[in-house]
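The values are calculated or read from the model by the stated rules, or taken from the named source; none is laboratory data. Keep in mind the model is a prediction, meaning the values are calculated, not measured. Don't worry about glycine lacking a Cβ; one is built from the backbone with ideal geometry, like all the others, and counts go over all protein chains shown.
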Amino acid sequence: MKIGLISDIHAEPQALRRVLADMPSVDRVWCAGDAVSEYQFCAETVDLLQQVQAQCIQGNHEMVLFRDRHAAYLQRCQAEFAPAMLDVLAQAPVTLEYEEAGARLLMVHASPWKPFEGYVMPRSPHLARFATLPYDFVILGHTHVPMVEQAGHVTVINPGSCSQSRDNDRRGAYAVLDVESRVVTLYRVRLD
């Protein structure tokens with residue numbers, strides 16, 4: 001089984017469309033949070049995610065939007081968009097655990113210990129802590145920096161951001177995880 005991994009779209013459907021068009025054939029698509037921004041709900045982004053039957057979790061931006069931290073904006077969204085459209089992300093879990101082909105997977109937005117705090121970056125000394133987890137793969141978002149790092153038996157994956165990369169490469173980023181072969185491939189795609 002191959003899983004397309006995306007994250008940190010931040011309500012930019014054009015970037016998501018380019019990433020999905022570039023993505024090789026996959027069995028599933030997972031989104032590691034921040035599909036929208038706290039002040040910008042985007043029905044087009046949600047529609048694209050629904051078209052590929054993406055499994056989404058909430059990131060810090062969904063938490064801010066849907067947990068009444070910006071009540072006035074949420075009320076405007078509720079007046080403008082159908083409840084079913086909002087519920088795709090409002091009712092998404094904050095973590096996803098999955099088992100396939102003998103591999104255990106966990107998807108969280110920022111970290112398994114504090115889902116909405118901290119930045120797990122490539123080569124960070126904090127990566128060693130992942131080796132204690134009972135998973136084969138941990139998928140993160142939040143940093144907008146793509147990475148595949150090994151921490152003991154755990155492969156830590158961040159597909160990067162579809163729309164707002166924060167490394168020296170301005171292209172959109174995503175990843176594909178082949179669960180059976182246990183191979184992760186990072187991809188970049190031009191957004192212009």
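Summary of computed values
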quantity: Filter result (in a loop (DSSP other than H, G, I, E, B), touching a residue at least 40 places away in the same chain (Cβ under 8 Å) and at negative phi) within the range 29-43; calculated: A32, A35, V36, F41
quantity: Lone qualifier among V46, V64, V19, V26 - being in contact (Cβ under 8 Å) with a residue 12 or more places away in the chain, in contact with a strand residue (DSSP E or B) (Cβ under 7 Å, 6 or more places away or on another chain) and assigned to a helix (DSSP H, G or I); calculated: V19
quantity: Residue among D8, D22, D34 that is surrounded by fewer than 18 Cβ atoms within 10 Å (Cβ to Cβ) and closer than 20 Å to V145 by Cβ; calculated: D22
quantity: Identity of the residue in the range 90-149, surrounded by 15 or more Cβ atoms within 10 Å (Cβ to Cβ), part of a loop (DSSP other than H, G, I, E, B) and of a type in the set (V, I, T), that ends up nearest to the chain's Cα centre (by Cα); calculated: V108
quantity: Among (1) within 17 Å of C56 (Cβ to Cβ); (2) modelled with pLDDT of 95 or more; (3) of a type in the set (A, V, I, L, M, F, W, C), the one test that A103 misses; calculated: (1)
quantity: Qualifying residue in the range 73-95 (condition: touching a helix residue (DSSP H, G or I) at 6+ places or on another chain (Cβ under 9 Å) and among the hydroxyl-bearing types (S, T, Y)); calculated: yes
quantity: Close pairs from the range 103-123: first farther than 21 Å from S37 by Cβ, partner loosely packed, with under 15 Cβ neighbours inside 10 Å and at pLDDT 95 or above, Cβ under 6 Å, at least 6 apart; calculated: L106/E97
quantity: Subset tally (residues that are surrounded by fewer than 24 Cβ atoms within 10 Å (Cβ to Cβ), modelled with pLDDT of 95 or more, part of a loop (DSSP other than H, G, I, E, B) and small (G, A, S)) for the range 150-179; calculated: 1
